[in-house]
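I have placed the structure first, in the form of structure tokens, so that the comments after it can refer back to it.
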Amino acid sequence: MNISALQKERAKYQPKLPKSLNGTVKLVEGVKTESVADQKEIEELFPNTYGMPLISFEEGSDAKENAPVNVGVILSGGQAPGGHNVISGIFDGIKSINPASRLFGFLGGPGGLVDHKYIELTADIIDEYRNTGGFDIIGSGRTKLEETAQFDKGLEVARELGLNALVVIGGDDSNTNACVLAEYYASINAGVQVIGCPKTIDGDLKNEMIETSFGFDTATKVYSELIGNIQRDANSAKKYWHFIKLMGRSASHIGLECALKTQPNITLISEEVAEKKQTLSEVVNYMADIVVNRAENGDNFGVALIPEGLVEFIPEMKTLISELNDLLAEGSLKEKEFKHLKKSHRLTWVAEHITPKSAKVFKSLPNGIATQLTLDRDPHGNVQVSLIETEKLLGEMVKERLEELKKAGKFSGKFGTQYHFFGYEGRCAAPSNFDADYCYSLGYTASVLISDGKTGYMSSVRNLTAPAEDWIAGGVPITMMMNMEKRHGHMKPVIQKALVELDGAPYKYFVSKRGEWALHTHFVYPGPIQYFGPSEVCDPTTETLKLEQS
């Protein structure tokens, strides 16, 4: 592998651990747990893994001999910075339990378990990937472990390799599936434990025991550097409004964190839009008013941050999308009729076949966006919301509104636009010191839970605004995070997604400052992630966590 000078230096970095993990570890069981909602239903579905206690680690005094363990690891879902350090932490952890322990990586995600594709992860392999970004050590995938046949195929290879445990590194859906797998193996006494690790740059896998998902810190630092660069350019050229779409379909944590880091003129928070039941027109008017106010100060430039899932949080757009999904359902007569129309007639036809209220919204959209809503379907026949160019939709609609205001003599400024989408740029970045430490601790924690025979737990490392030595490591039962939700027409147990809390400290602080940031140019330019230097420069966590725990 060809590596850069930075990679060589990063390879030497030894991640910091909580002091409870340095040496002999003592497990302390806390209170019995219950799910966040739907307790009766969740308990019935998970009789073997429900109600388990919280676990915290303390420094132990009595060294004990442990038998070697064989562990399989799976990277599941989208990439997030720090995944390699989770695996490094597992490897070092099981080797500290017993040097004869072995680690196997399943290739290409959960599908590797089902298809029996794996490699043994030896020290030579692990050492190449310490403190690096990406998931390329074994690859990832989006196969969902949901069927008994898949569990049984996985059990075949687990027995073949003599595995004591599987570690699933993933987001809320992947960890939900890990819990289902743990329950199944426990119900048949398979002798294979399952442990989860909380991964997602979106930041929506969090609760009182999981303070943040790994990768969120690094990804938001990468995006914030890019936003800062654009803000510097905007403040230099003074002639463009930059509309920046950021990853975050289900929640706006990325947008909020980047706003707290960079202080742009406009940041839309999807959860606020939904709470206030704002219409698309109201969102556009809010943005246009800020453009007008800045122009009155002679500032014909600015930066707006937009979460990628915004349109699904605007009630009238959500209704429109639902109607379009029904109207153009794959294989339906209406869909066939639509496909036989000339392209020039399709938008008019759609408007005639949905409710008058939705038709009004549909007609207000720029033609390119309206066409996108009718053509881009996922395998289930639904609109692919992530492909909607929300930044261009809002930019074009703001431009139309400003032209109306100009005709009315209420706007005399200039309005030019540039569009950006920051997504993949942040998913495989080299982890920040925080994520390098946090991920390594999560992996090491998983190894301790395995050595003590636990299953159905997620690695938990808390107190994250303190120095790493004071972090609190332990385990949280995955069932504790679950509720019942409708998925594909059926009620299913899933880990509850964490949305931006509108009564939370990060959002409240943002609201107290956004008016000032809107009118004035108070941009912050964070610059690139720092790996070497003073701790206050290299090791700090997110603004979100600082505000939540202040």
Segment 266-287, subset among the hydroxyl-bearing types (Ser, Thr, Tyr) and more than 14 Å from GLU316 (Cα to Cα), residue nearest to the chain's Cα centre (by Cα): THR267
Condition met for PHE91 (of a type in the set (Phe, Trp, Tyr), buried (at least 24 other Cβ atoms within 10 Å of the Cβ) and within 20 Å of ASP437 (Cα to Cα)): yes
Answer residue from segment 505-521, given it is in contact with an Asp or Glu (Cβ under 7 Å, 6 or more places away or on another chain) and surrounded by 15 or more Cβ atoms within 10 Å (Cβ to Cβ) and is nearest to GLU59 (Cα to Cα) among those: PRO506
Residue check for GLY78: surrounded by 22 or more Cβ atoms within 10 Å (Cβ to Cβ) and in the same structural domain as CYS197 (by TED's automatic domain parsing): no
Test: residue in segment 290-301 that is part of a loop (DSSP other than H, G, I, E, B), hydrophobic (A, V, I, L, M, F, W, C) and under 22 Å from TYR525 (Cβ atoms): yes
Residues being closer than 14 Å to VAL494 by Cα, crowded, with 16+ Cβ neighbours inside 10 Å, aliphatic (A, V, I, L, M) and under 26 Å from the mean Cα position of the chain (by Cα) - total across segment 11-52: 2
Close pairs (6 angstrom Cβ cut-off, 6 or more residues apart or separate chains): touching a residue at least 12 places away in the same chain (Cβ under 8 Å) in segment 339-353, of a type in the set (A, V, I, L, M, F, W, C) and loosely packed, with under 11 Cβ neighbours inside 10 Å anywhere: none
Test: residue in segment 271-279 that is of a type in the set (A, V, I, L, M, F, W, C), touching a helix residue (DSSP H, G or I) at 6+ places or on another chain (Cβ under 7 Å) and surrounded by fewer than 21 Cβ atoms within 10 Å (Cβ to Cβ): yes
Top-ranked residue of segment 80-101 - restricted to ones that are under 25 Å from ALA429 (Cα atoms) and not in a helix (DSSP H, G or I), ranked as farthest from the chain's Cα centre (by Cα): GLY82
Which listed residue, of THR390, THR348, THR355, is under 22 Å from SER270 (Cα atoms) and of a type outside the set (Lys, Arg): THR390
Segments classed as helices (runs of 4 or more DSSP H), wholly inside segment 330-407, with at least 2 members that are touching a Leu at 6+ places or on another chain (Cβ under 6 Å) and surrounded by fewer than 17 Cβ atoms within 10 Å (Cβ to Cβ): 333-339
Cross-chain or 6+ apart pairs with Cβ under 8 Å, segment 433-460 first and closer than 12 Å to GLN193 by Cα, then of a type in the set (Ser, Thr, Tyr): ALA446/SER459; SER447/SER96; LEU449/TYR457; LEU449/SER459; THR455/THR49; THR455/TYR185; GLY456/THR49; GLY456/THR479
Segment 474-513, residues that are in contact (Cβ under 8 Å) with a residue 40 or more places away in the chain and among the β-branched types (Val, Ile, Thr): VAL476, ILE478, THR479, VAL494, ILE495, VAL500
Residue under evaluation PHE106, criteria (1) surrounded by fewer than 18 Cβ atoms within 10 Å (Cβ to Cβ); (2) over 30 Å from LYS486 (Cβ atoms), criterion not met: (1)
Single unsatisfied condition, PHE434 versus (1) out of contact with any Asp or Glu (no Cβ under 7 Å at 6 or more places or on another chain); (2) under 25 Å from GLY533 (Cβ atoms): (1)
SER447 being in a helix (DSSP H, G or I), in contact with a Phe, Trp or Tyr (Cβ under 9 Å, 6 or more places away or on another chain) and among the hydroxyl-bearing types (Ser, Thr, Tyr): yes
Residue list for segment 145-185, restricted to those being among the aromatic types (Phe, Trp, Tyr) and either in contact with a strand residue (DSSP E or B) (Cβ under 8 Å, 6 or more places away or on another chain) or closer than 14 Å to ILE495 by Cα (or both): TYR185
Scan of segment 135-170 for residues that are surrounded by 24 or more Cβ atoms within 10 Å (Cβ to Cβ) and either in contact with a Ser or Thr (Cβ under 8 Å, 6 or more places away or on another chain) or not assigned by TED's automatic domain parsing to the domain that holds ARG102 (or both), ordered by number: SER140, ALA165, VAL168, ILE169, GLY170
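The values are calculated or read from the model by the stated rules, or taken from the named source; none is laboratory data. Computed from a prediction, not measured in an experiment: that's the story for all the values here. Cβ coordinates were reconstructed from backbone atoms using ideal geometry, including for glycine residues, and neighbour counts include every protein chain displayed.
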